[in-house]
Amino acid sequence: MNKKSVDISTKITGVELETCIFNASGPRDETLTDLENLAKSKSSAVMMKSCTLRARRGNPPPRYANLEFGSINSMGLPNLGYRAYIKFAKILKKIYSKPVVASISGMTLKDNVVIFKAFNDSPVDVIEFNPGSPNTIGKPIVGYDTQEMDRLLDSVSKVCKKPFGVKLPAYFDLVHFEQIADVIKKYPVKFVTCINSVGNGLAIDPYKEKPLIKPKGGLGGISGKYIKFTALANVRKFYELFNGKIQVIGVGGVYSGIDAFEFILAGASAVQIGTAFIQKGPKIFGKVQNELKDFMKQKGYKKLSDFQGKLKTL
Ligand code: DHB
């Protein structure tokens, strides 16, 4: 069996992806140049930066730092405003054949409704609703407030005509998984993406006796290898709670094909790459895809459904 006979294609909300590996929203996806680079890379979709009603410059720098096993950031949602991403989606769909995913992060319920309505008339294939950046100063993480999540999903579900999913923060308590899953199940949410960066870590330079990033006294979202185990647990729990009715996309600390394999085994239908894309560049997509195919070949698996969600018990 050669590598070609290993199929790592997938479908998210019925949209076909040539492979299950694509970029996470956040890094290197803010400008049209960034997005064209993604379109030309082996990322199987072009995920765009989370957008707000108006363009934002974000938090003051330094606002991102690489760490030994990942990264810390408090970007503060720098983006060009939703109209730019509708324009970019039109350009991308005209030139390239890949699925394009919008990420919507309106600052208020009203903003989210306006943005969702506007994307109805865009060529984006899928929408990932990212209702709570951990880094916008003065705003709580929506995923930790079930009532607010309910209110937001109720409103956007009423206006959205595209297939959409929700990007979730990490949960650490089994009761919280059930509470948020119960809210999500009430709405036509097609997938959840687990997990966003783990909010409010603090990375310190011991020589300078200063934090590595400036906003919020140094507090920022932790990503990369530090969060892989939390991400896997979140994928697993939601996979179980949704019983195949809502798909799960995994993200958090994927650097290798075996990392991606673990996410799929836990139940993910696709896997996104964030920090490793910043650190390794676009070659990371092909590397993870090839390594995943190699590992599946070793195991005798020919397609994702041979092992997706089939984590064994001890
Ligand atoms: C930002 C960070 C996030 O983790 C997110 O989900 C949205 C925005 C940011 O700081 O730009």
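The values are calculated or read from the model by the stated rules, or taken from the named source; none is laboratory data. These numbers were taken from a predicted model, which means no experiment stands behind them. Positions of Cβ are backbone-derived with ideal geometry, glycine not excepted, and every protein chain shown enters the neighbour counts. Ligands, DNA and RNA are excluded from the accessible area calculation, which covers all protein heavy atoms including side chains. Shrake-Rupley method; radii C 1.70, N 1.55, O 1.52, S 1.80 Å.
Please state, to two decimals, what the Cα-based radius of gyration of the stretch 181-314 comes to when divided by 2.2 N^0.38 Å (N = residues). Let's see the in-between values first.
On the way: Rg = 16.9 Å, N = 134, 2.2 N^0.38 = 14.1 Å.
In units of the 2.2 N^0.38 Å rule of thumb, it is 1.20.
With contacts defined as alpha carbon pairs under 8 Å and 6 or more residues apart, what's the relative contact order of the stretch 205-277 in percent?
30
Provide the percentage of antiparallel DSSP beta bridges, counting only those with both residues in the stretch 186-314; round to the nearest 5.
On the way: 5 of 12 bridges.
Among the beta bridges of the stretch 186-314, antiparallel pairing accounts for roughly 40 percent.
Considering Cα pairs under 8 angstrom that are at least six residues apart, work out the relative contact order of the chain and quote it in whole percent.
Answer for the chain is 21 percent.
For Thr193, enumerate residues with amide H under 5 Å from its amide H, sequence gap 5+ or separate chain, H modeled in the peptide plane.
Correct list: Val166, Lys167, Leu168, Ile249.
To the nearest 10 square angstrom, what accessible area does Cys160 show with a 1.4 Å probe?
About 20 Å², rounded to the nearest 10.
Report the percentage of all Cα-Cα pairs in the stretch 118-206 whose separation exceeds 15 Å, rounded to a whole percent.
62
Taking a cut-off of 28 Å, what percent of all Cα-Cα pairs in the chain are separated by more than that?
Considering the chain, 35 percent of its Cα-Cα pairs are separated by more than 28 Å.
Could you work out what % of the accessible surface of the stretch 43-95 is carbon and sulfur, using a 1.4 angstrom probe and leaving DNA, RNA and ligands out of the count?
Carbon plus sulfur share of accessible area: 56 percent.
Using modelled backbone amide H atoms (1.01 Å from N, in-plane), which distant-in-sequence or interchain residues come within less than 5 Å of Gly70's amide H?
Those qualifying (amide H under 5 Å, at least 5 residues apart or on another chain) are Lys225.
Roughly speaking, to the nearest percent, how much of the stretch 96-141's 1.4 Å accessible area is carbon and sulfur?
On the stretch 96-141, the fraction of accessible area on carbon and sulfur atoms equals 59 percent.
So for Met75, Met48, what's the accessible-area order with a 1.4 Å probe, most first?
The ranking, largest first, comes out as Met75, Met48.
What value does the stretch 1-137 have for Rg/Rh, both radii from Cα atoms and Rh as Kirkwood defines it?
1.00
Just for the chain, what percent of DSSP beta bridges are antiparallel, to the closest 5?
Details: 17 of 43 bridges.
That works out to approximately 40 percent antiparallel.
PRE reach from Lys245 (point 7 Å along Cα→Cβ): which of the stretch 173-191 fall under 11 Å by backbone N?
182-189
Quick one: give the max-minus-min coordinate of the C-alpha atoms of the stretch 65-158 along each principal axis, largest first, in Å.
39, 37, 19
When the convex hull of the Cα atoms of the stretch 248-314 is projected onto a plane and the area is averaged over all directions, what value comes out in nm²? Display every interim value, and only then the final one.
Values: hull surface 18.0 nm².
Result: a mean projected hull area of 4.5 nm².
Which pairs break 21 Å Cα to Cα here: Lys87/Lys167; Lys98/Lys287; Lys139/Lys210; Lys90/Lys280; Lys49/Lys87?
Violating the 21 Å Cα-Cα cut-off are Lys87/Lys167; Lys139/Lys210; Lys90/Lys280.
How high is the relative contact order of the stretch 147-194, in percent, with contacts defined as C-alpha pairs under 8 Å that are six or more residues apart?
56
Would you compute, from DSSP H runs of 4+ residues alone, the mean residue ellipticity of the chain at 222 nm, taking -39500 (n - 2.57) per run and dividing by the full residue count, rounded to the nearest 500?
Here the helix-only value at 222 nm equals -10500 deg cm²/dmol.
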